[in-house]
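Engineer: Once you've had a glance at the structure underneath, I'll fire off some questions.
The values are calculated or read from the model by the stated rules, or taken from the named source; none is laboratory data. Bear in mind that the values here come from a model prediction, so they are computed numbers and not experimental data. Every residue, glycine among them, receives a Cβ derived from its backbone with ideal geometry; neighbour counts consider all protein chains shown.
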Amino acid sequence: MNRTTIDMWVGIFVAIGIGSLLFLAMKVGNLSSAKLAQPYVLKADFDNIGGLKVRAPVKTSGVVVGRVETITLDKQNYQAVVTMKIDNHYSFPRDTFATINTSGLLGEQYVGFDPGGDTENLKPGDTIKKTQSAVVLEKLISQFMFSKAADSSTPPSAK
Amino acid sequence: MFESIANVFRLIGSRVVNTIWRLGYASRFFCTMLLLSGASFRRIHLTLREIYFSGVLSLIIVLVSGLFIGMVLGLQGYDTLQRFGSADALGVLVALSLVRELGPVVAGLLFASRAGSAITAEIGLMKATEQIAAMDMMAVNPIARIVAPRFWGGVISMPLLAAMFSAMGVFGGYLVGVVLIGLDAGTFWSQMQSSVDFQRDILNGVIKSFVFGIAVSLIAVFEGYDSDATAEGVSRATTRTVVTSSLVVLGLDFILTSFMFRG
């Protein structure tokens with residue numbers, strides 16, 4: 001084994017290694033689509049964020065327009081302050097409605113934007129006023145149970 | 001009676017003192033090697049030769065075990081996920097477990113037993129046959145000539161091997177999930193891409209494998225250099241290399257994971 005053959009093998013080895021890294025970055029990871037182009041910041045106050053996590057997507061009509069940056073608690077009124085980075089291609093009217101939704105029954109939670117009809121748009125750093133908290137399944141079930149109990153106490157013909 | 005109890009304490013004490021002494025010697029050895037690395041980089045073909053021996057020759061074992069581990073992950077993951085009706089997340093499961101944990105760790109263990117043991121045995125035998133002493137006599141620094149190239153060869157090979165392992169494993173998971181079981185290929189890749197983050201997952205995996213490369217290579221060259229210059233000493237040093245580096249890889253993995261993926 002003389003030196004030039006070793007060099008060739010090492011070259012092949014390094015090339016395969018870098019190729020694998022590229023494969024991981026491009027095909028397995030989301031390097032090609034992860035970066036938001038010059039995002040701007042919007043805030044929203046929620047009564048309850050449920051299981052929302054940092055880096056969760058922000059979607060409008062199902063299209064990802066941004067990501068959740070931080071989640072903090074407002075010490076004054078005990079509301080959750082969700083800071084989001086939004087792609088600067090998109091701007092939203094001032095009366096946009098922010099909701100916390102779940103994709104699928106057990107899927108991850110995301111912030112949904114329902115644009116309103118206002119002519120003025122939200123500026124970077126603005127806080128979204130109209131929000132709807134996450135649906136807490138336990139509350140929903142207990143409400144359902146109570147209404148069922150109330151129903152069954154009245155005769156079925158009354159419906 | 002009193003004598004035997006005292007002997008136990010003496011034994012424990014000498015073990016502890018000996019371990020600390022070796023730790024200090026290993027640190028000094030590491031610093032000396034880093035200082036002398038410049039000299040060995042000037043003759044880069046020495047390092048290239050070591051990349052060939054520890055990296056290129058480990059290719060087959062790393063690629064084949066990566067493929068099989070990915071395939072096993074695919075089968076087992078599908079079996080569990082389809083109970084919850086979320087078999088679509090198979091790609092995420094395979095990719096995340098490979099890129100974050102299994103790729104660096106299993107590649108590190110394989111590297112320790114395939115290349116680390118060979119490095120230790122080689123350096124130990126050089127010492128046993130007094131080649132190292134002969135180099136010293138000829139005013140060639142053995143650390144710069146023998147130890148540093150092997151160390152850097154290992155450090156450079158290890159992240160590349162771990163990346164190949166992960167890539168091969170993802171391919172194995174694809175083979176089982178999409179080709180064998182018949183999941184949708186588009187869902188497999190798109191779910192994977194939306195959940196695997198470049199910085200958080202892939203880059204941290206690369207950092208992990210780099211740290212494991214440093215640890216395993218350092219242990220391998222140190223055990224070889226520090227071995228008793230006998231046949232028995234070399235065999236014991238080789239065993240110690242595999243045992244210590246496996247433990248160090250697993251322990252370091254826990255520490256690094258708790259830093260990287262908390263919260």
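Engineer: State all residues of region B:39-63 that are surrounded by 13 or more Cβ atoms within 10 Å (Cβ to Cβ) and more than 14 Å from chain A (Cβ to nearest Cβ); if no residue qualifies, say none.
Structural biologist: Those that are surrounded by 13 or more Cβ atoms within 10 Å (Cβ to Cβ) and more than 14 Å from chain A (Cβ to nearest Cβ): B:A39, B:S40, B:F41.
Engineer: Taking into account only those residues within region B:168-195 that are of a type in the set (A, V, I, L, M) and within 29 Å of the chain's Cα centre (by Cα), which is surrounded by the fewest Cβ atoms within 10 Å (Cβ to Cβ)? Even if it seems obvious, please write down each step before you answer.
Structural biologist: Taking region B:168-195 as the starting set, the residues that turn out to be of a type in the set (A, V, I, L, M) are B:168, B:170, B:175-176, B:178-181, B:183, B:185, B:192.
Now narrow it down to the ones that are within 29 Å of the chain's Cα centre (by Cα): B:168, B:170, B:175-176, B:192.
On the way: B:M168: 23, B:V170: 30, B:L175: 15, B:V176: 21, B:M192: 25.
That would be B:L175.
Engineer: Checking B:S157 against (1) touching a residue at least 60 places away in the same chain (Cβ under 8 Å); (2) closer than 16 Å to A:F23 by Cβ; (3) within 8 Å of chain A (Cβ to nearest Cβ): exactly one of these is not met. Which one?
Structural biologist: (2)
Engineer: Any chance you could count how many residues in region A:106-154 are among the hydroxyl-bearing types (S, T, Y) and in contact (Cβ under 8 Å) with a residue 24 or more places away in the chain? Full working, then the answer.
Structural biologist: Within region A:106-154, the subset among the hydroxyl-bearing types (S, T, Y) is A:110, A:119, A:127, A:131, A:133, A:142, A:147, A:152-154.
When the remaining residues are screened for being in contact (Cβ under 8 Å) with a residue 24 or more places away in the chain, the result is A:110, A:119, A:127, A:131, A:133.
Within region A:106-154, residues that are among the hydroxyl-bearing types (S, T, Y) and in contact (Cβ under 8 Å) with a residue 24 or more places away in the chain number 5.
Engineer: Would you please name the residue that is farthest from B:V211 (Cα to Cα), looking only at residues in region B:133-167 that are among the small types (G, A, S) and crowded, with 24+ Cβ neighbours inside 10 Å? Steps first, answer last, please.
Structural biologist: First, the residues of region B:133-167 that are among the small types (G, A, S): B:133-134, B:139, B:144, B:148, B:153-154, B:157, B:162-163, B:166-167.
Those left that are additionally crowded, with 24+ Cβ neighbours inside 10 Å: B:148, B:153-154, B:157, B:162-163, B:166-167.
Working: B:A148: 17, B:G153: 14, B:G154: 11, B:S157: 12, B:A162: 12, B:A163: 14, B:S166: 17, B:A167: 19 Å.
Ranking the qualifying residues of region B:133-167, first place goes to B:A167.
Engineer: Grab the helices (runs of 4 or more DSSP H) fully contained in region B:122-214, keeping just those with 3 or more residues being under 29 Å from A:R67 (Cα atoms).
Structural biologist: Numbers: elements: B:131-137, B:148-174, B:185-195.
So the answer is B:148-174, B:185-195.
Engineer: Which is within 11 Å of chain A (Cβ to nearest Cβ), among the aliphatic types (A, V, I, L, M) and in contact with a helix residue (DSSP H, G or I) (Cβ under 7 Å, 6 or more places away or on another chain), of B:V206, B:V211, B:V176, B:V147?
Structural biologist: B:V206
Engineer: Next question, about the same structure. I'd like to check something: does region B:83-93 contain any residue that is away from chain A (no Cβ under 12 Å), surrounded by fewer than 20 Cβ atoms within 10 Å (Cβ to Cβ) and at pLDDT below 90?
Structural biologist: In the first step, residues of region B:83-93 are kept if they are away from chain A (no Cβ under 12 Å); the result is B:83, B:87, B:90, B:93.
Those still in the list that are surrounded by fewer than 20 Cβ atoms within 10 Å (Cβ to Cβ) too: B:83.
After this cut, where a residue has to be at pLDDT below 90 as well, the list is B:83.
For region B:83-93, residues away from chain A (no Cβ under 12 Å), surrounded by fewer than 20 Cβ atoms within 10 Å (Cβ to Cβ) and at pLDDT below 90: present.
Engineer: Anything in region A:130-141 that is surrounded by 13 or more Cβ atoms within 10 Å (Cβ to Cβ) and part of a loop (DSSP other than H, G, I, E, B)? List them, or say none. Before the answer, list the steps.
Structural biologist: Within region A:130-141, the subset surrounded by 13 or more Cβ atoms within 10 Å (Cβ to Cβ) is A:130-135.
Matches in region A:130-141: A:K130, A:S133, A:A134, A:V135.
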